[in-house]
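Taking it in order: structure first as structure tokens, then the write-up.
The values are calculated or read from the model by the stated rules, or taken from the named source; none is laboratory data. Since we're looking at a predicted model, the values are computed, not measured. Glycine also receives a Cβ, built like all others from the backbone with ideal geometry; neighbour counts cover every protein chain displayed. Protein only, heavy atoms only, side chains kept; ligands, DNA and RNA dropped before computing areas. Shrake-Rupley method; radii C 1.70, N 1.55, O 1.52, S 1.80 Å.
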Amino acid sequence: MRTGVHMADVQERQDRFLRAYAELGTIRNAAKVAEISRSTVSLWLRDNMGGFRDRYDDAKHSHREYLESKMFA
């Protein structure tokens with residue numbers, strides 16, 4: 001049961017980071033907003049905890065689209 005609570009906390013922290021990353025586009029700034037360390041992000045990417053790698057790629061793509069829309073506006 002405790003593991004489920006822990007994973008829910010990790011998921012919430014990942015989501016908070018990914019929302020910030022999609023907007024800001026840098027690990028450093030998004031980690032600061034999410035109040036986690038950059039090494040935590042590296043760990044999540046390395047271990048693909050909770051499917052993080054795919055969601056990270058989606059957030060990166062969202063940021064690129066945001067930049068492209070600003071460029072063409």
Segment residue 61-residue 28, extension gain: residue separation times 0.36 nm, minus the distance between their alpha carbons: 10.2 nm
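Around residue 26, what is the net charge, scoring Lys/Arg as +1 and Asp/Glu as -1 over all other residues with Cβ under 11 Å from its Cβ? Each step should come with its number before you reach the end.
On the way: positive: 28, 32, 38, 60; negative: 23.
With Lys, Arg at +1 and Asp, Glu at -1, the neighbours total +3.
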The chain, accessible surface, carbon-and-sulfur percent (1.4 angstrom probe): 52
Probe 1.4 Å, protein heavy atoms only - accessible area per residue of the chain in square angstrom: 71
Can you give me the distance in nm between label points at residue 10 and residue 49, each placed 7 Å from the Cα along the Cα-to-Cβ direction? 0.5
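Given the DSSP H assignment, sum -39500 (n - 2.57) over each helix run of at least 4 residues in the chain and divide by its residue total; what's the result at 222 nm in deg cm²/dmol, nearest 500? All intermediate terms of the calculation are to be shown ahead of the outcome.
Values: 4 runs with 62 residues, N = 73.
Per the formula, -28000 deg cm²/dmol.
From the P(r) of the chain, could you give the percentage of C-alpha pairs in the tail past 17 Å?
On the way: 1133 of 2628 pairs.
Counting pairs separated by more than 17 Å, the tail of P(r) holds 43 percent.
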